[in-house]
């Protein structure tokens with residue numbers, strides 16, 4: 001009975017959580033699609049300097065995001081090409097590791113992208129920008145969720161879609 005309860009909990013978590021996040025994202029984007037951000041009144045005389053500095057920091061973080069993802073993609077591609085020249089037995093065990101490493105890098109890239117969005121919000125704090133940031137963070141959280149599931153699938157040999165052959169006991173008869 002406990003096993004059945006955990007299956008239902010996992011099904012709810014694996015299906016309904018992403019579905020709810022997607023529905024919330026679509027609803028937010030539909031509500032605020034025609035709203036334009038208005039200029040906010042300057043509270044500090046030197047605010048334009050702060051905006052300029054933070055703008056450069058945002059650009060640096062976005063470049064770092066692209067760099068992290070690019071390096072991860074290059075490493076995964078090189079590892080995959082090397083893998084094609086190895087024995088078949090080694091290929092089935094190494095491919096999930098390449099996928100898991102790439103998923104980790106993509107998650108790191110998503111974290112950098114969220115940091116960039118938060119910095120962008122720091123220089124343009126209005127309702128429309130907050131909602132847009134929330135929608136982007138929601139979308140990235142959804143991507144993070146699916147990447148984490150991919151990592152878990154790569155790390156467990158008995159997961160569906162994994163190429164690692166299952167070990168069977170030779171003493172057991174086939175069903």
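Worth pointing out:
- The simple spin-label model puts a point 7 Å past each Cα toward its Cβ; for residue 19 and residue 139 those points are separated by 2.3 nm.
- For region 57-156: rounded, prolate or oblate by the Cα gyration tensor [a/c cutoff 1.5]: oblate
- Spacing of the modelled spin labels on residue 149 and residue 27, each 7 Å from Cα toward Cβ, amounts to 2.1 nm.
- Taking a point 7 Å out from the Cα of residue 101 in the direction of its Cβ, the residues of region 52-86 whose backbone N falls within less than 13 Å of it are 71-84.
No lab work stands behind these numbers, since they all come straight from the coordinates. The shown structure was predicted, so the numbers you read here are calculated from the model rather than taken from an experiment. Note: ideal-geometry Cβ built from the backbone for every residue, glycine included; neighbour counts use all protein chains shown.
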